[in-house]
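Okay, structure first, notes after.
Only the coordinates and a few stated rules stand behind these numbers; no lab work does. These numbers were taken from a predicted model, which means no experiment stands behind them. Positions of Cβ are backbone-derived with ideal geometry, glycine not excepted, and every protein chain shown enters the neighbour counts.
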Ligand code: SF4
Ligand code: SF4
């Protein structure tokens, strides 16, 4: 089975987030980066499928040069080759924009399966994978914990709310977004890192992939949420409370 | 003449032609038998890979070890006085007999150079006779110990040992008896032949049994790496540690063949004593078995038939085995080498181990807590930040920065440092030194951590470090060397004992007893025994545990094991805590935050009667005015 895994590089868990001087973005100069955790689980699932049934695992990631270190990590963990879609200015690309880049890189590979994390740890939009499925015209399932290959295609286990699970079958090719925690992650090894050096890491720009490449988001300002305790408890019957709430949303919060 | 009173050895004066022929034939046969065994062993050793980072010089240490451990047999005697002395006389007798034996064989062909009637010869033979008496007594004693007393660490009774003891005994007796017969009689001839035949029978047995140590161990002691528990560098891009036979180095193979199966290592091993699979002696013998079966160029995994992965990962790297081994075998580099082989290739699958690796790949500390928590601790206690103007960089370590007990120790030390007016500061971006991953064999993460820390130290111009954690101290000072030149570093016990005279005298009237537990990484690894004791003794009445100093028994946390799951068998910490509590001391003194947490958990079970657990920094701080 030929599997493509789309991964994202996100700020490391423990890295300090400081707003840059122009207040337009965070100061990236001293940041450490890591692989988005749900993507790490997607990669793990792909590697397990490959170990079970054979095939190839290709990693795709979009971002500036720094992203290469995370791609290398994926190669070290066992991916066979990688495509780095080089693009600056990620902050000005929304999920659709990034999905277009990814889809353009994935399409020529004609994979049997595309995996990605269900959302990113930094922006948490949770849409990119699903949009890629749409762009590639693939059936998809989200929040997947476990994938198994069956004769008719795939059998997957999805996580629902409140401890419920759903098992469904899909034909291949398909796209799945993977939930964290379905497997145990493997650790990177010295041998993996050394072997990764000889693996193929192709870089491609949006024009090279024939993808649309106009940043779509205009960012005015980012800020740390102000700490303020202004919880109010609205008493009375549900009707009275609702009236009071609408009143306050109009007059105090001014959002209506 | 005075020499007339000395007994004289009877040596046959004449050997007939057929005697010479017979001797020559038997000698060739014996030597051939000897070589047939020894040849492949030497071949295995010499075909093993070169030792990366091995340097013969400075040679002074090697000569010193050789004289002390081999010639004087001091280590053997010191650790097991009775058996050690018995062994020493056997060894010295063998040395004295080298000339006697040479002369004995040369005499057949009329080439003897020591004349039993001459002055020199007579003196020498008598000199050797004294050793022969001692040796016969010694070997008899060792025989009784092995076959009657049978301490469990000597393992199964082996007929080979009995045979060897018998042969040595016969060698001595046939030599001594020759002092009581006339040189011209048949008796002298019979004794000569008896001695010779014993000798020729002995020779081929040597390389076949553990008595190979007789030939190899002097070399092993001389060539040992020397740095205690020192983990050698990886040789090149294809070196991932001890994966297969091809990774065994000459030193390791030499050591594997040198083991004399005395069991000192297992006698002191905390894992072996608390019901784990690990037995350091079997690790060494496992390698020997592997070499005999597959040879030193094999691709067959080392962890398999001859050594178990489970055992390799039960080691706390306490170094008790290495410290005790009389033939210079370095277990810790071997065990860590096997772990490196398993971890660097991904063969080791352990849920908690993998979690620790992932935590340290991504985060800065082994406990997996956000560094914001550390910042809060630093700010809340107004610990000064290191800015290059202070004398010491106070290295908190993961335990000192995140663990509640570790923090108490740090704060106690801070109080003392402030009292002493010793200037210090802490770092914002300190990361784990890499101790647990280093000992678990993860070279990748270790390198990342060491390099990141070097960068921080450089930025902050740190030249001197003090730490409450012996693991941090060891790792910074020795293990980081692979990636740069570490700054000066010391353990707080060293600093405190230096300044002890400046601390107020504590009220010693109501003398309470304190027992001090030597942390492995402070004692055996760093040779610091008296400094923490001096701090403890200034506060309480110091008593010793049955196993202390070099023989201290590990708390069970080292080697990264603090981060792995539940232990098999009894917990090492409980065994040790019980031993410490049994001294009747009201305080258990520690000098390592890992020992501290291990004992805290173990002592909880003792309930109210449990002794109080205090780091020496806390003891020192208690004596200060509020
Ligand atoms: S280092 Fe300690 S735990 Fe490991 S084998 Fe040696 S004695 Fe046992
Ligand atoms: S390794 Fe050393 S201490 Fe252990 S049995 Fe062999 S010779 Fe004795």
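This ranking places B:316, A:231, A:172, B:220 by how few other beta-carbon atoms lie within 10 Å of each, fewest first, which gives A:231, A:172, B:220, B:316.
Give the average, rounded to an integer, of partner chain Cβ atoms located within 10 angstrom of each Cβ in A:10-23.
Per residue, the average neighbour count from other chains is 2.
Note: relative contact order over the range B:421-479, using C-alpha pairs below 8 Å and six or more positions apart, is 35 percent. Per q in 0.18, 0.23, 0.25 1/Å, what log10 I(q)/I(0) does a Debye calculation on the alpha-carbon atoms of the range B:237-323 return? Debye output, listed in q order: -0.78, -1.19, -1.31. Reported to the nearest whole Å, the Cα centre-to-centre distance from the range A:87-148 to the range A:188-222 is 14. Size descriptor for the range B:142-209, Kirkwood hydrodynamic radius: 13.5 Å (Cα pairs only, one decimal). For the range B:352-497, the relative contact order comes to 25 percent (Cα pairs under 8 Å, sequence separation of at least 6). Using the Cα coordinates of the range B:307-354, the gyration tensor eigenvalues translate into equivalent-ellipsoid semi-axes of 23, 11, 8 Å, sorted from longest to shortest. On full extension, the segment bounded by residue A:212 and residue A:18 gains 66.7 nm, given 0.36 nm per residue less the C-alpha separation. How would you classify the range B:395-543 from its alpha-carbon gyration tensor, with a ≥ b ≥ c the square roots of the eigenvalues: rounded for a/c under 1.5, else prolate if a/b is greater than b/c, otherwise oblate? Prolate is the answer for the range B:395-543, as a/c is 1.5 or above and a/b outweighs b/c. Using 0.36 nm per residue and subtracting the Cα-Cα separation, the extra length available between residue B:106 and residue B:123 on full extension is 4.2 nm. Once a ≥ b ≥ c are taken as the square roots of the eigenvalues of the Cα gyration tensor of chain B, is the result rounded (a/c under 1.5), prolate (a/b larger than b/c) or oblate (a/b not larger than b/c)? In terms of gyration-tensor shape, prolate. In the frame of its principal axes, the range B:357-452 has Cα extents of 41, 25, 20 Å, reported largest first.
Considering only DSSP beta bridges where both residues belong to chain B, give the percentage that are antiparallel (nearest 5). The antiparallel fraction comes to roughly 5 percent.
Our note on the geometry: Cα centres of the range B:230-250 and the range A:230-256, 70 Å apart. Just to confirm my numbers, what's the Cα centroid distance between the range A:1-70 and the range B:343-390 in Å? Rounded to whole Å, the Cα centres lie 21 Å apart. Here B:77, A:168, B:164 are placed in order of increasing Cβ neighbour count within 10 Å, fewest first, which gives A:168, B:77, B:164.
With the Cα gyration tensor of the protein assembly as shown giving a ≥ b ≥ c as the square roots of its eigenvalues, does the rule (a/c under 1.5 for rounded; else a/b larger than b/c for prolate; else oblate) give rounded, prolate or oblate? Cα axes put the protein assembly as shown in the prolate bin.
What percent does the relative contact order of chain B come to when contacts are Cα pairs within less than 8 Å and at least six residues apart?
Reported as a whole number, the value is 13 percent.
Exposure proxy for B:313, B:147: other Cβ atoms within 10 Å of each Cβ, ordered fewest to most, give B:147, B:313.
Normalised by 2.2 N^0.38 Å, where N is the number of residues, the alpha-carbon radius of gyration of chain A equals 1.17. Per-residue mean of foreign Cβ neighbours for A:181-189 is 6 (Cβ atoms of other chains, 10 Å radius). Counting only Cα atoms, the range B:503-620 measures 44, 34, 23 Å along its principal axes, largest extent leading.
Kirkwood-type hydrodynamic radius, the range B:78-137: 12.4 Å, calculated from all non-identical alpha-carbon pairs. Sorting B:25-35, B:196-206 by their mean Cβ neighbour count within 10 Å, with the most densely packed peptide first, gives B:196-206, B:25-35.
By the helix-only formula, in which each DSSP H run with n ≥ 4 contributes -39500 (n - 2.57) and the sum is divided by residues, chain B has a 222 nm mean residue ellipticity of -16000 deg cm²/dmol. In deg cm²/dmol and to the nearest 500, what is the mean residue ellipticity at 222 nm of chain A if only DSSP H runs of at least 4 residues count, each as -39500 (n - 2.57), divided by the residue total? The helix contribution divided over chain A gives -8500 deg cm²/dmol. One chain, two ends: residue B:626 and residue B:113. Fully extended at 0.36 nm per residue, the span grows by 176.5 nm beyond their Cα-Cα distance. Counting, for every residue in B:360-367, the Cβ atoms of other protein chains within 10 Å of its Cβ and taking the mean gives 4.
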